[in-house]
1. At a Cα cut-off below 20 Å, give the lysines reachable from Lys59, other chains included and same-chain residues fewer than 8 away excluded.
2. What is the local net charge at Tyr139, summed over the other residues whose Cβ is closer than 15 Å to its Cβ (Lys, Arg +1; Asp, Glu -1)?
3. Hey, rough spin-label estimate for Asp189 and Ser34, points 7 angstrom out along Cα→Cβ, what's it come to in nanometres?
4. So how do 27-33, 162-168 stack up, highest first, on mean other-Cβ count within 10 Å?
5. Starting with the highest mean, order 106-118, 78-90 by the number of other Cβ atoms within 10 Å, averaged over the residues of each peptide.
6. For region 20-119, what relative contact order do you get, as a whole percent, if you take Cα pairs closer than 8 Å and at least 6 residues apart?
7. Under the 0.36 nm per residue contour assumption, what length would be gained going from the current alpha-carbon distance of Ala197 and Asp97 to full extension?
8. Using only the Cα atoms, what convex hull volume per residue in Å³ does region 20-119 have?
Amino acid sequence: MRDTLFYVIVSGCFAAVLIGQVDYTTQIQPVFNSSCNSGSCHGGSAGGLDLTSYDNLMKGDSNNGPVVTSGDGANSVLVQKLGSMPPFGDRMPKNLDPLPDATINLISQWIDEGANEESISVEEWMVAVPAKFRIVGNYPNPFNPKTTIVVELARKAHIELVVSDILGRDVAVLMRAPLDRGSHRIVWDAADHPSGAYFARLITNGESEKDVTDGRFITMTLLK
Ligand code: HEM
């Protein structure tokens, strides 16, 4: 078997697993309420930033623009202002004890999950999780020399992701390992291969008859 460069960049599963774990209304808004008990919670003191409701928080009004960067808790102004070294001005909540790390982490996690107002139900969450084993596609395509192949797994499984050429010869094994349920991105670096059409195929162990669906093959074009 030829040496193959492969990387698993992201376990997309984790996006799915995290969706809806933290609920804004019952877990985040009360934190603001308990720090801002003066009636007008924050309104006006920070460029109009208002912590009284989800809509006001997300308006983006503040001296420094939006305080929530959806998907990036650690770099959101909101989270940074709660830590011991805010990027500007004072630590929040001003003149009160710092929030416990666990609370700051919860706010950060909520933003990482997408900063949604409502968490989704278990039923909705199940729908969001892949129901099949399949190759979703690859991007870019045509590519040179790297392309990212996206696979979805209905549940944890030992998978093989194999690339073959137009003559049916296997030229690369990009992955031969157990992977968690969810979607995963796997990069093929085809620097050592000539231009042409290639096929990626997904093989999984332990799949039942109903799991075997279309979408096991994709065609990829390497253009050098
Ligand atoms: C959990 C509660 C709080 C959170 C999450 C919070 C969050 C923030 C954020 C994100 C900013 C920066 C906004 C901007 O760029 O303009 C800010 C600024 C500010 N906050 Fe708060 N805040 C909280 C509580 C408080 C309280 C209780 C006070 C006053 C008693 C206060 C007073 C201020 C003031 C005066 C500024 C602008 C000046 C500065 O940056 O130091 N905040 N806050």
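Readers should treat all values here as calculations from the given coordinates under stated rules, not as data from a laboratory. This one's a predicted model, so the numbers in the text were calculated from it and none came from an experiment. Note that each Cβ is placed from the backbone with ideal geometry, even for glycine, and that neighbours are counted across all protein chains shown.
1. Lys81
2. On the way: positive: Lys146, Arg185; negative: Glu152, Asp189.
Its environment carries a net charge of 0.
3. 4.9
4. Working: 27-33: 16.7, 162-168: 13.9.
Highest-to-lowest ranking by the protection proxy: 27-33, 162-168.
5. Values: 106-118: 18.6, 78-90: 14.6.
Most protected by this proxy first, the peptides run 106-118, 78-90.
6. Working: 142 pairs, mean separation 31.9, N = 100.
After rounding, I find 32 percent.
7. 29.8 nm
8. Details: hull volume 8.7 nm³, N = 100.
Output value, Cα hull per residue: 87 Å³.
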